[in-house]
Amino acid sequence: MCGIIGLHLRDPALHPVLGRLLDDMLGGVAERGPDSVGIAVYGDEERTPPGHAAVSVLRAPGDLAATVGGLLPGAPAVCAQAAGDTTVLTAPVAVDALVAAVSAAAPDALVVGSGTDLVVYKGAGHPRDLARTYGLRDVTGWQGLAHTRMATESAINPEGCHPYSVGADQCLVHNGSFSNHATVRRELQRRGTAFDSENDSEVGARFVAACLAEGDDLEKALLRLGETFDGFYTLLVTTADGFAVVRDEIACKPAVIAEHPRWVAMASEFRALADLPGIDEARIFEPDPGRVYTWQR
Ligand SMILES: NC(=O)CC[C@H](N)C(=O)O
């Protein structure tokens, strides 16, 4: 199984209630993935203040903010906020500089998200409990997603939890399993890509990040993924300004998209969309097999 929800808001009047809408949607996919949950939020100005980088970290030592601050030029103020297994660090510096300082300060910690607009939380446990731990209902912003996991390919732990966020402001969540992920992993490793987990979905995320880094747009990157990966998938991929959904050519993993003048939403289950404002006027459809659907901010 595994459950996915995603919401891309077109109407800024809805930004203050992004968290409430995501939390209600999450209730519709909680049973699809009772192992663990991850969420990603774009544009919450309290969690990712303008002019700041944000880095989400697993296994962060208690004094990480102070150590990181000491390593950054000019020793800027670094804020740390812990929510369950995830700690989010923010500082008024470039994203790469903050990621490098976190890695140098805590070599055993794992960076699971980074960007100027994105915050990621991941942990093992029941989705409803963890949504409370992450304060999901209070989140604001213009885009967000969540993934509830029933593991198929790697251990049930925070590292195996989605989203995989392996490039600045990028996220990928996956329902399904890639059958040739070990082969693609070896090919990416030959080209210098490092991995953080044994998970098949991480391989998909690293592949998409490499395509984007080569200059592909989201549609091209996901078409290339379809030419390279075997197996089953519904994927939701988000970037600093994009939202994309694709299913494999057989499309045995469920997905529903709803498009409304005020928002675009996708979910693994129809019922996760039922309470969205204006759902009765939305265009609701199941994505065609192998076709990439994208929206830009
Ligand atoms: N049930 C699923 O869709 C699992 C997704 C992915 N293969 C994982 O193990 O995390």
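Counting the residues of region 125-144 that are closer than 15 Å to Val17 by Cα and among the hydroxyl-bearing types (Ser, Thr, Tyr) gives 1. Assess whether Ala151 counts as being more than 25 Å from Asp230 (Cβ to Cβ), within 16 Å of the ligand (Cβ to nearest atom) and open to solvent by 30 Å² or more (accessible area, probe 1.4 Å). Spelling it out, it is not the case that Ala151 is more than 25 Å from Asp230 (Cβ to Cβ), within 16 Å of the ligand (Cβ to nearest atom) and open to solvent by 30 Å² or more (accessible area, probe 1.4 Å). Candidates Val203, Val208, Val184: the one that is in contact with a helix residue (DSSP H, G or I) (Cβ under 6 Å, 6 or more places away or on another chain), closer than 16 Å to Ala240 by Cα, modelled with pLDDT of 95 or more and part of a helix (DSSP H, G or I) is Val208. Filtering region 1-60 to residues that are among the acidic types (Asp, Glu) and within 16 Å of the ligand (Cβ to nearest atom) leaves Glu31, Asp35. Taking the criterion of being assigned to a strand (DSSP E or B), at pLDDT 95 or above, open to solvent by less than 20 Å² (accessible area, probe 1.4 Å) and out of contact with any His (no Cβ under 8 Å at 6 or more places or on another chain), would at least one residue in region 246-254 satisfy it? Looking through region 246-254, at least one residue is assigned to a strand (DSSP E or B), at pLDDT 95 or above, open to solvent by less than 20 Å² (accessible area, probe 1.4 Å) and out of contact with any His (no Cβ under 8 Å at 6 or more places or on another chain). Just the residues that are touching a helix residue (DSSP H, G or I) at 6+ places or on another chain (Cβ under 7 Å), assigned to a loop (DSSP other than H, G, I, E, B) and open to solvent by less than 60 Å² (accessible area, probe 1.4 Å), please, taken from region 270-297. Passing the criteria: Leu276, Gly290. Only one entry of Leu118, Leu145 meets the criterion of being open to solvent by less than 10 Å² (accessible area, probe 1.4 Å), away from the ligand (no atom under 16 Å from the Cβ) and at pLDDT 95 or above, and that entry is Leu118. Each residue in region 184-223 was checked for being away from the ligand (no atom under 16 Å from the Cβ), under 23 Å from Thr152 (Cβ atoms) and among the basic types (Lys, Arg), and 1 pass. The numbered conditions (1) farther than 17 Å from Trp142 by Cβ; (2) assigned by TED's automatic domain parsing to the domain that holds Leu276 are all true for Ala40 except (1). Within region 158-183, the set of residues being more than 8 Å from the ligand (Cβ to nearest atom), over 24 Å from Gly27 (Cβ atoms) and not hydroxyl-bearing (Ser, Thr, Tyr) comprises Glu159, Val166, Gly167, Ala168, Asp169, Gln170, Asn180, His181, Ala182.
Can you spot a residue in region 236-256 that is more than 19 Å from Gly123 (Cβ to Cβ) and near the ligand (Cβ under 9 Å from one of its atoms)? The answer is yes; a qualifying residue exists.
Just one of (1) in contact with a strand residue (DSSP E or B) (Cβ under 6 Å, 6 or more places away or on another chain); (2) at negative phi; (3) of a type in the set (Gly, Ala, Ser) fails for Ala131. It is (1).
Yes or no, residue by residue, for (1) in the same structural domain as Thr133 (by TED's automatic domain parsing); (2) under 20 Å from the mean Cα position of the chain (by Cα); (3) of a type outside the set (A, V, I, L, M); (4) in a loop (DSSP other than H, G, I, E, B):
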position	(1), (2), (3), (4)
Ala54	no, yes, no, no
Ala60	no, yes, no, yes
Ala66	no, no, no, no
Gly69	no, no, yes, no
Ala75	no, no, no, yes
Ala82	no, yes, no, no
Val88	no, yes, no, no
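The values are calculated or read from the model by the stated rules, or taken from the named source; none is laboratory data. None of the values given here were measured: they were computed from a predicted structure. Because the Cβ atoms are built from the backbone with ideal geometry, glycine has one as well, and the counts that use them run over all protein chains shown. Heavy atoms of the whole protein, side chains included, go into the accessibility calculation; ligands, DNA and RNA do not. Shrake-Rupley method; radii C 1.70, N 1.55, O 1.52, S 1.80 Å.
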